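All remarks here apply to the structure that follows.
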């Protein structure tokens, strides 16, 4: 605080106009004069029929893809590498659909166990052993799907 008052006092004594205020929250003027801004005319994003022009759509799409890839830490040097990377990510996403199937299978197995025990409580032990076997098979398919997704992402 003391240093900022010394600087502003020195500027006042020298009769100079301060270029910037220290420790101030005042808004500064725009760096580009308004005449330059109004002189440049931007091309509209929509045509007369209201549809998005191809240039705007491609710019938006490429910006979205670039931002998504940069957030994930994916850096590619050529278009072919970008296509391969995109295919790997899409393939891994599609491979994880098998996890939903595993979840449905596990739910079906244990739902059937509850129904079977409700109908015949005397077979509880035998039905539970069958349910554990069904759970293992359903879980194995989900783990295979997850393994394929990780192989696509990190092995190739």
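The values are calculated or read from the model by the stated rules, or taken from the named source; none is laboratory data. All figures in this text were calculated on a predicted structure; none of them were measured in a lab. Here the Cβ is made from the backbone with ideal geometry for all residues, glycine too, and neighbour counts use every protein chain on show.
Before we move on, is residue 74 surrounded by 13 or more Cβ atoms within 10 Å (Cβ to Cβ), modelled with pLDDT under 95 and not in a helix (DSSP H, G or I)? Against the criterion (surrounded by 13 or more Cβ atoms within 10 Å (Cβ to Cβ), modelled with pLDDT under 95 and not in a helix (DSSP H, G or I)), residue 74 qualifies.
Of the residues examined, residue 138 is not one that is at pLDDT 90 or above, on the phi < 0 side of the Ramachandran plot and either surrounded by fewer than 10 Cβ atoms within 10 Å (Cβ to Cβ) or in a loop (DSSP other than H, G, I, E, B) (or both).
From the list 113, 123, which residue is touching a helix residue (DSSP H, G or I) at 6+ places or on another chain (Cβ under 8 Å), part of a helix (DSSP H, G or I) and surrounded by fewer than 14 Cβ atoms within 10 Å (Cβ to Cβ)?
Residue meeting the stated conditions: 123.
In the range 118-134, is there at least one residue being in contact (Cβ under 8 Å) with a residue 24 or more places away in the chain and more than 30 Å from residue 85 (Cα to Cα)? Yes, the conditions are met somewhere in the range 118-134.
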